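The values are calculated or read from the model by the stated rules, or taken from the named source; none is laboratory data. Nothing here was measured: the structure is a model prediction, and the numbers come from that model. Counting neighbours? That spans all protein chains shown, and the Cβs are built from the backbone with ideal geometry, glycine included.
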Amino acid sequence: MIYNYYPGCTLSTKAKQLDMAARRCAEVLGFPLVELPEWQCCGAVYPMAPDAIAERLSAVRALVAARENGGVLVTLCSACYHVIKRVNHDMATNAEIRQKVNNYLQLEEPYAGETRVLHYLEVLRDEIGWEKLAQLVSHPLKERRVGAYYGCLLLRPGAVLALDDVESPTVMEAFIKALGAEPVIYSMRNECCGGYLALKDKAQCEKLVSDIKNNAASCGAQELVTACPLCAYNLTANGAAGSLPTRYFTELLAEALGVAESEGGAE
Amino acid sequence: MAVDEKQLTEDILRLAATDVRRCMQCGRCSANCPEGFKMDLLPHRVMWDLNSGHASELLEADAPWQCLSCMACEERCPRGVSPARVMEALRLLQIRQQGNNKLPAESVEHYPSDMPQQLLVAAFRKYNK
Amino acid sequence: MQKIGVFVCWCGSNIAGTVDVAQVVEAVRQIPDVAYAIDYKYMCSEQGQELIRKAVADYKLDRIVVCSCSPRMHEATFRKCAEGVGINPYMVEIANIREQCSWVLKDKAEATAKAIKLAKAAIAKVRFNGALKPGESQVVKRALVIGGGIAGIQTALDIAEAGYKVDIVEKEPTIGGRMAQLDKIFPTLDCSACILTPKMVDAANHENITLYTYSEVESVSGFVGNFDVTIRKKARSVKADMCSGCGICTEKCPSRKTPSEFDMGLKNRGAIYIPFAQAIPKVPVIDREACIKFKTGKCGICSKLCPAGAIDYTQTDELITEKYGAIVLATGFKTISLDKFGEYGYGASKDVITSLELERLTNAAGPTEGHLVCPSTGKEPKKVIIVSCVGSRDVSGRGKSYCSKICCMYNAKHAMYIREKYPDVDVTVFYIDVRTPGKGFDEFQRRAVEEYGVHYVRGQVGKVVVDGDGRLTVFVSDLNSGRKLMLNPDLVVLATAVQPSPDARKLATMLTASIDNDDFYVEAHPKLRPVESPTAGIFLSGMCQGPKDIPETVSQAGAAAVKVVGLLAKDKLLTNPCTAQCDTSICSGCLACTHVCPYGAITGESKPVITKLGVRETRTVAVVNNALCQGCGACTVACPCGAMDLQGFTNQQILAEVDALC
Amino acid sequence: MLEKKNFEPKIVAFCCNWCSYAGADGAGTARKHYPANIKIIKVPCSCRVNPLFILRAFQRGADGVIMCGCHPGDCHYSTGNYYARRRMTLLLSMLDYLGVAGERFRVEWVSAAEGARFAQVMNDFAEHIAALGENVKLRDLRCKK
């Protein structure tokens, strides 16, 4: 299987650690990522209005490119995953959007949602398997209590994304466990970090993140992992910053597989 | 000029593409909204106004600009309604009009250098056209 | 020359509001053989029927077409009316111009045209109707009740009191059902056990009642009046006739890791156990999956200790076959799983419990002896939040679309008895609507507010956050004030949606009883036949038909019993005359029909026949046993030569309808 | 589809007494609209529907025929709808050969509780037939004499 890879804007710049670690680990785990040529930014937010056609085009272009090359598209960033998978769902189920987008793109073969959009975590869970991953871990993250922070984009809406149970997700916890660490389950792991509000109302972000971190810390978490650069930013910049270090899940993966860059860490 | 409430409601519903009539005013959306403490109209009230023919008041509301599109309301709505989509429709109806950007780039005083692009793109797209 | 009378009903404005009935009458009058046609406001009324009777006499009608509501509604009424004036009841046809026409159409011209078409099809069919005479079948004077909760017990007692034998099959080791788990019951707040256990004893001691506990229905065949049922009596591993019910085995059993089903998992039970002290029969049962003896071959403590020598590890399931005239479904309910509702924190915190768990916590015979405590700490709560509609009225796919009906009342009840016993505990009920119709019910709920000081706040709880130290934070909005709240209760009670027992679907298939999308049994008519299944001889009692409280369940149980008694009181039943019939003159004797008949009603017999060409010969032909035939018609299509036909739905009749409609 | 607006397709629906006919009643009780040109013929069970009835309808000029029964497994007569399903599968495979577009015939399972679904199924089918247009093949054959 070819794992076409869509890094997205942030992963090429501010969230390089998320990206680089993911690529290295994928090599080790035997599913090398093939970066899509000439990908464009997905738009960062899903265009909810059914008449927003132009806003869907870049995602469809990536989906079409992946279709032409095996039909699987892997994403890492929660927002990219969210946007691309939802647009793909629109293309498969909404005839009006499908027609308009295809009219615009004038493809040789119209696109109708054929590509399978996978999150990196799904590849780990469904293609590699936790047991095998655990066996490949050379530097188990012993005695570390890690809280998974899902946020909103990775899980909702559950009916479309279908990554995991929206209210009681387990995929990241299973991941943490496979790396040899102890997953910490806490109620606020799927509550919003404030997202793009950081630009407008920092104080509110501070409050939302504090609630999340306090809940995680009360449950015994010593660090948090996330898949989303925006969440990572908000969780790092707010709520008694530094109290609960936040890392990308791929960083932990690289560490456990023994392929972390020596200088490593957040930029 | 009197606003055509009916037309406005139709416009909102077309953009929102969610069946607001299913709403039974249980208030779960408002209970779950992380921004509810800062909203002038809670999501259930927005649904109520829309269903009771007071859509024009919603264009005055600040609530859509507080909404984070986290979709907790949609996910936990027992009736399968998406208040998040209604909020988006209310934003779009306004920012799609010329010169109606809510967060002009020059109004932002300080961009921390470590702010991810994703955040900037998302924010400007939610508040501007 | 046939003389057909056509009677067009207005059904008040139900039909006449959309269909121009006069025009329908006018149109059918033009049809040959229609000797009389008229419209009337309510054809089913006494005056309407009189109109029919008079027309039959005046115009010497021999066939009747009534254009009215669905035949499922009034076909029987009009057949009876026809019979009263000497017309064979099967010479009546109904054109359904209400459900299929006036109720689904708005345009008057369109509806009128369709009504005329439907009338024409019915007229075309009735020309080929023949006089049919129902056969007779015997009635076995014994009833089966499936489910031994309050619904099943009450139904069985009422049938038994009327003098008929009745068996109760209960899958649990004891009868009593859900009601046995409850503490006090509304609207009187009397003790559930005090009114249930005497009924359990009555059922056990009644000479006409046989209990099969720890048993399940294995298979059912036959039809109304003559059901053959196989019951699997599961191995208890205890000889019921020797056991004295002393309970020493249950006390000394070393396996104590199985959560007690009766105590909603709030307490563990032994592998050999009696569900509760007042269980009937008071005979323990060994849970073989938990039993150390069965798992490892060692232990055997119960056997060593039993003074009566009643323990029997070699006991096997026993199959009992019995004949019944009627079957009552009383399979009850359970609450839905909260696995998909992670946001309520059920499972994440021990202090988030369901209402049924609260019943056990406040029950004097429960795991805490009626002492209300937070399960996590064992301490009394200071603040309790009750959440209504958890999973009810939910069309998102996670819950149930219906209102569970009983929750509003039991929430008020729970709030009251917490406040009564612990006046310092603050109790708040968060609700969407308070629905308390019923005698004394609204007054009951108001008492909770006015006399007991229970807070009622409109607004559905969104999420319950659990902190590491066990602290709960409830996210909710007070909709009346528009305030968003974050509260820290010590105990959260979830009024969880009810759903039919998981056995309902299996039994529905076995009995060919209809169920709806939620697995509730469907009644024959929602208003007029609420305790009967559309399948003759199958009756419904209690929650298995839809959410209902105890008073309603008991009344429905009584109603079902009356229906059963009415059936069993008959010596003979008239059978449906719309059965298959073989035209032996053209039957080739291939017997393809015998292979498709689900009732084994067709056999091949060597018989003297006269062929179409007038030749007399003796050969194998298909013979239908009319007592067994249920009239599905499978054989008619399987028959390659068209010898098999179904009376009431003959090839000729259906083809006439097709022709009239096309 | 605008040009076909005046075309009113003739549709015959065979409904079993226990499930689909009751479902149609349910559609009525709930006032769920479906087109007037759909006419229902009641049969005790879907297994009573002889494929010849369906051919007769097409021969007489029906534009579409739909057969409804209980959901598989829920037949009032236990197995009737299984027979119907097999028979109709066979009929479907032969329709085109017989000169009727196979798409004009449909089999659906509608339970007594599915009033709204009954209406939806009928609306879908009517729309489908309206899009196909008039059933001309058999009529032409008949006119040739």
Pick from region A:1-23, criterion within 12 Å of chain B (Cβ to nearest Cβ) and β-branched (Val, Ile, Thr), ranking: nearest to the chain's Cα centre (by Cα): A:Thr10
Given (1) buried (at least 22 other Cβ atoms within 10 Å of the Cβ); (2) without any contact (Cβ under 8 Å) to a residue 60 or more places away in the chain; (3) in contact with an Asp or Glu (Cβ under 8 Å, 6 or more places away or on another chain); (4) over 23 Å from A:Tyr46 (Cα atoms), index of the condition A:Ile176 fails: (2)
Test: C:Val65 is among the hydrophobic types (A, V, I, L, M, F, W, C), touching a residue at least 12 places away in the same chain (Cβ under 8 Å), under 22 Å from D:Ile40 (Cβ atoms) and touching an Asp or Glu at 6+ places or on another chain (Cβ under 8 Å): yes
Of all residues making up region A:1-21, the number that are out of contact with any Asp or Glu (no Cβ under 6 Å at 6 or more places or on another chain) and surrounded by fewer than 24 Cβ atoms within 10 Å (Cβ to Cβ): 10
Residue list for region C:474-502, filter: under 30 Å from C:Ser215 (Cα atoms) and in contact with a helix residue (DSSP H, G or I) (Cβ under 9 Å, 6 or more places away or on another chain): C:Thr496, C:Ala497, C:Val498, C:Pro500, C:Ser501
Top-ranked residue of region D:96-117 - restricted to ones that are in a helix (DSSP H, G or I) and within 14 Å of the chain's Cα centre (by Cα), ranked as surrounded by the most Cβ atoms within 10 Å (Cβ to Cβ): D:Arg104
Near pairs, Cβ below 6 angstrom, 6+ apart or cross-chain, from region C:452-464 (within 14 Å of B:Arg76 (Cα to Cα)) to any residue that is of a type in the set (Ser, Thr, Tyr): C:Gly459/C:Ser477; C:Val464/C:Tyr344
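For region B:53-117, please list each of the helices (runs of 4 or more DSSP H) lying entirely inside it that holds at least 2 residues being among the β-branched types (Val, Ile, Thr), at the interface with another protein chain (Cβ under 7 Å from one of its Cβ atoms) and closer than 22 Å to A:Ala52 by Cα. First the steps, then the outcome.
On the way: elements: B:55-60, B:63-66, B:72-76, B:83-95.
Answer list for region B:53-117: none.
Could you look through region B:24-52, keep only residues that are in contact with a Gly (Cβ under 6 Å, 6 or more places away or on another chain) and either assigned to a helix (DSSP H, G or I) or surrounded by fewer than 24 Cβ atoms within 10 Å (Cβ to Cβ) (or both), and pick out the one that is farthest from the other protein chains (Cβ to nearest Cβ)?
Filtering first and then ranking leaves B:His44.
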Residue, farthest from the other protein chains (Cβ to nearest Cβ), within region C:505-525, restricted to residues that are aliphatic (A, V, I, L, M) and in a helix (DSSP H, G or I): C:Leu507
Qualifying residue in region A:176-186 (condition: modelled with pLDDT of 95 or more and closer than 28 Å to B:Arg125 by Cβ): no
Residue count for region C:616-638, restricted to those that are touching a strand residue (DSSP E or B) at 6+ places or on another chain (Cβ under 8 Å), assigned to a loop (DSSP other than H, G, I, E, B) and at the interface with another protein chain (Cβ under 10 Å from one of its Cβ atoms): 3
Failed item in (1) within 30 Å of C:Gly558 (Cα to Cα); (2) β-branched (Val, Ile, Thr); (3) out of contact with any Asp or Glu (no Cβ under 9 Å at 6 or more places or on another chain), with C:Ile292 passing the rest: (1)
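On the given criteria, is B:Arg21 modelled with pLDDT of 95 or more and more than 8 Å from every other protein chain (Cβ to nearest Cβ)? Explain how you work it out, then say what you get.
Numbers: modelled with pLDDT of 95 or more: yes; more than 8 Å from every other protein chain (Cβ to nearest Cβ): yes.
Judged against the criteria, B:Arg21 is a match.
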Residue that is farthest from the other protein chains (Cβ to nearest Cβ), among those in region C:552-580 that are in a strand (DSSP E or B) and surrounded by fewer than 16 Cβ atoms within 10 Å (Cβ to Cβ): C:Lys572
Matching residues in region C:313-347 - criterion: being charged (D, E, K, R) and within 18 Å of C:Leu511 (Cβ to Cβ): C:Glu322, C:Lys323
Filter result for D:Gly115 (at positive phi, touching a Lys or Arg at 6+ places or on another chain (Cβ under 8 Å) and in contact (Cβ under 8 Å) with a residue 40 or more places away in the chain): no
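For region A:137-156, what are the residues that are small (Gly, Ala, Ser) and assigned to a strand (DSSP E or B)? Spell out the reasoning first.
First, the residues of region A:137-156 that are small (Gly, Ala, Ser): A:138, A:147-148, A:151.
The answer is A:Gly147, A:Ala148.
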Given (1) touching a strand residue (DSSP E or B) at 6+ places or on another chain (Cβ under 9 Å); (2) not in a loop (DSSP other than H, G, I, E, B), index of the condition A:Lys132 fails: (1)
Every residue from region C:372-412 that is within 14 Å of chain B (Cβ to nearest Cβ), part of a loop (DSSP other than H, G, I, E, B) and on the phi > 0 side of the Ramachandran plot: C:Gly391, C:Arg393, C:Gly397
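Table: residues versus (1) under 16 Å from the mean Cα position of the chain (by Cα); (2) assigned to a loop (DSSP other than H, G, I, E, B); (3) under 26 Å from D:Gly133 (Cβ atoms).
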site: D:Val12; (1), (2), (3): yes, no, yes
site: D:Gly26; (1), (2), (3): no, no, no
site: D:Lys42; (1), (2), (3): yes, no, no
site: D:Ala57; (1), (2), (3): yes, no, yes
site: D:Cys68; (1), (2), (3): yes, no, yes
site: D:Tyr77; (1), (2), (3): no, yes, no
site: D:Arg85; (1), (2), (3): yes, no, no
site: D:Met94; (1), (2), (3): no, no, yes
Matching helices (runs of 4 or more DSSP H) fully within region A:41-118 where at least 3 residues are over 23 Å from B:Gln117 (Cβ atoms): A:78-93, A:95-105
Residue tally, condition assigned to a helix (DSSP H, G or I) and buried (at least 18 other Cβ atoms within 10 Å of the Cβ), over region A:179-205: 11
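Based on what the data block shows, is C:Gly537 touching a residue at least 24 places away in the same chain (Cβ under 8 Å), at positive phi, in contact with a strand residue (DSSP E or B) (Cβ under 8 Å, 6 or more places away or on another chain) and buried (at least 16 other Cβ atoms within 10 Å of the Cβ)? Talk me through it step by step, then tell me what you get.
Values: touching a residue at least 24 places away in the same chain (Cβ under 8 Å): yes; at positive phi: yes; in contact with a strand residue (DSSP E or B) (Cβ under 8 Å, 6 or more places away or on another chain): yes; buried (at least 16 other Cβ atoms within 10 Å of the Cβ): yes.
Yes, satisfied.
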Flag for C:Gly366 being farther than 30 Å from C:Arg505 by Cα, touching a residue at least 60 places away in the same chain (Cβ under 8 Å) and surrounded by fewer than 20 Cβ atoms within 10 Å (Cβ to Cβ): no
Selection count where residues are more than 16 Å from C:Lys400 (Cα to Cα) and polar (S, T, N, Q), scope region C:327-342: 1
Failed item in (1) surrounded by 21 or more Cβ atoms within 10 Å (Cβ to Cβ); (2) more than 30 Å from A:Pro7 (Cα to Cα); (3) in contact (Cβ under 8 Å) with a residue 60 or more places away in the chain, with B:Gly80 passing the rest: (1)
